[in-house]
1. I'd like the full set of residues that are of a type in the set (A, V, I, L, M) and either without any contact (Cβ under 8 Å) to a residue 24 or more places away in the chain or part of a loop (DSSP other than H, G, I, E, B) (or both), limited to region B:200-226.
2. Pairs needed: first member in region B:21-40, of a type in the set (Phe, Trp, Tyr); second member anywhere, surrounded by 20 or more Cβ atoms within 10 Å (Cβ to Cβ) and not in a helix (DSSP H, G or I); C-beta distance under 8 Å; at least 6 residues apart or different chains.
3. Regarding B:ASP60, is this residue under 24 Å from B:VAL212 (Cα atoms), among the acidic types (Asp, Glu) and either without any contact (Cβ under 8 Å) to a residue 40 or more places away in the chain or outside any helix (DSSP H, G or I) (or both)?
4. Return the pairs, sorted by first residue and then second, in which the second residue is of a type in the set (Val, Ile, Thr), the first residue lies in region B:172-192 and is farther than 27 Å from B:LYS242 by Cβ, the beta carbons are less than 7 Å apart, and the residues are 6+ apart or on different chains.
5. If I filter region A:47-76 down to residues being acidic (Asp, Glu) and not in a loop (DSSP other than H, G, I, E, B), which single residue comes out as nearest to the other protein chains (Cβ to nearest Cβ)?
6. Just the residues that are at pLDDT 90 or above, surrounded by fewer than 16 Cβ atoms within 10 Å (Cβ to Cβ) and small (Gly, Ala, Ser), please, taken from region A:3-46.
7. Being acidic (Asp, Glu) and under 25 Å from B:LEU117 (Cα atoms) narrows it down to one of B:GLU206, B:GLU239, so name that one.
Amino acid sequence: MRCFKLFSAGDHRWLAFGQDHERPTSIVDTNQVVVCSGRTTMILDPGGIEIFPMVMGALVHQIDMETVQHIFMSHQDQDVASALSLWRQVTPASVSIHLPALWTSYIAHFDADAKFVPIPDEGVDMRLGSVQLRFLPAHYLHSSAAFCVYDPAARLLFSGDIGAAELPEGTRRDIWVADFADHVAAMTGFHRRYLGSPAARDAWVEMISRLDVDMIVPQHGLAFRGDDVRRFLDWLSGLAIGTGIEAYRSRAALIQRESRHG
Amino acid sequence: MTESAQWSGVTDEQRPTVAAGTIRRYRGILKQVEIRVRLILPDVNRANRAMYRLADLSEDLRILSLNAELAAGRAGPRGAAVRALTQYTRGLVRRLVDISENASGLRQLYGTSTSALQTLRLLRQLEEAAIHLDIVDIGGSGRRALSVIDRSRAIKLQDITTQIAGISDGTAKLAVMVRVVDEVVSQAASIATNIAAEAVMAGSHEDEFRAVSETMSRYVEELRTMNDQAARGLRGALESCKNLLQTANLLNRPEMAV
């Protein structure tokens, strides 16, 4: 599993772990992200149970597990949360699990004994060491309750599934998007089908546009920096999403044809 | 799930207590444990399904014995023997009710088996993580993480030992349950035969007593079928459980100590 340095200023660091060659090919590739400030660390979307050994193995090279006081889960999916009980085994007993309030009793299916810090729908700010982090709503993008994490000091946004890309194996050289125009093809299918609400998308883009963002780091695929941040927001704003609706239409047409003939 | 690992007392210098080689030996045994737990599940499930009707049949038999007692009362002196037999039937019903209340033990056994599978899964991932840490060049943080993983593994191994003991205990209890139902079936069948014999001498009450005897025979037959199915499932579970315990004992060898 590779480790990428996203941001570093003194003891304030953002790291991403991913692009793992040992990962079973049947499971989706994920970025596990870590933010440290002083002697406090938060793991963001720590990943599914299948990749726990590899993530753990890579993480200890960079951080002291004893400093992991927080785990953040952007939403309830298995590739985010299914290793929760294992993470609680290897982090301090006092670790706080931050997750959307809507999903607490669902994620408890992965670990009924975990104590959660539910994030209310409108989001909340929290202090990590000497930095302030903001949990920002990303509901319906794709999950009906989801959050991003914004770090104003690093000007970095961890965006969860927003900005995700499905890249062919062996095509990644770096964590950063090299050519935005080329990268669009890898993002389009995911966003058109997984993101369901144009209204939520518009509200999210408007909210993010009000922030100073230099980097957007999604849970899958590559991260955006510099001008690509604006390019990404513009591209997302103009994309037709919620294409699953087409399945209703085609099925309804089929049912109508059958009832005519039947 | 047991408590999270504590980091207190884990120092930079602390060496991992388990080498990758030992973990690999462990994994072979745990794989065998997992296979054997998986073998138990379908048998327990079969027994569980078979026992599903037990509470209903107990209630049917209880109502039948009440009706039979009323009929015996109406028959006066000619119903004395039937009355005694129905009181004895109520004793059998109480035994069945006790058992059907304990039938939740079947569901518990199913639950313990699935918990054991979950523990084995977590254990496998912890061991993978330990191997990852053991084969790479790690610093103090890595060594401490490995020590914490070792502790977590030790807790999980205790869990799996407890769960296997629970599976063994649960299976043994089920075997007792099947034996008791078998006794009840045999005794209820004798009562049905005796009521049929009393019916012949009951004059105008013959039809009434015969109906009781026939209904009881039907219930007894249903009980017997149910218990036979449960017993078949349990025979398989007991055999698998014996093998499971033998395999699990390998974990307690001194060279496997965590």
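1. We begin by selecting, within region B:200-226, every residue of a type in the set (A, V, I, L, M); these are B:200-202, B:211-212, B:216, B:220, B:223, B:226.
Scanning region B:200-226 gives B:VAL200, B:MET201, B:ALA202, B:ALA211.
2. Partner pairs satisfying both residue conditions: none exist.
3. Working: under 24 Å from B:VAL212 (Cα atoms): yes; among the acidic types (Asp, Glu): yes; either without any contact (Cβ under 8 Å) to a residue 40 or more places away in the chain or outside any helix (DSSP H, G or I) (or both): no.
Judged against the criteria, B:ASP60 is not a match.
4. Within 7 Å, the pairs are B:ALA188/B:THR89; B:ALA188/B:VAL220; B:ALA189/B:VAL220; B:ILE191/B:THR89; B:ALA192/B:VAL220.
5. So in region A:47-76, the residues acidic (Asp, Glu) come out as A:50, A:64, A:66.
Retained after the next criterion (residues that are not in a loop (DSSP other than H, G, I, E, B)): A:50, A:66.
Details: A:GLU50: 8, A:GLU66: 5 Å.
Checked region A:47-76; the qualifying residue nearest to the other protein chains (Cβ to nearest Cβ) is A:GLU66.
6. Across region A:3-46, the qualifying residues are A:SER8, A:ALA9, A:GLY10, A:GLY38.
7. Numbers: B:GLU206 fails: under 25 Å from B:LEU117 (Cα atoms).
Matching residue, one of B:GLU206, B:GLU239: B:GLU239.
Okay, residues lined up against (1) more than 27 Å from B:THR119 (Cα to Cα); (2) charged (D, E, K, R); (3) touching a helix residue (DSSP H, G or I) at 6+ places or on another chain (Cβ under 8 Å):
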| residue | (1), (2), (3) |
| --- | --- |
| A:PHE4 | yes, no, no |
| A:LEU15 | yes, no, yes |
| A:HIS21 | no, no, no |
| A:PRO24 | no, no, yes |
| A:HIS75 | no, no, yes |
| A:SER94 | no, no, no |
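The values are calculated or read from the model by the stated rules, or taken from the named source; none is laboratory data. As the structure is a computational prediction, the values presented were derived from the model and not from experiment. Positions of Cβ are backbone-derived with ideal geometry, glycine not excepted, and every protein chain shown enters the neighbour counts.
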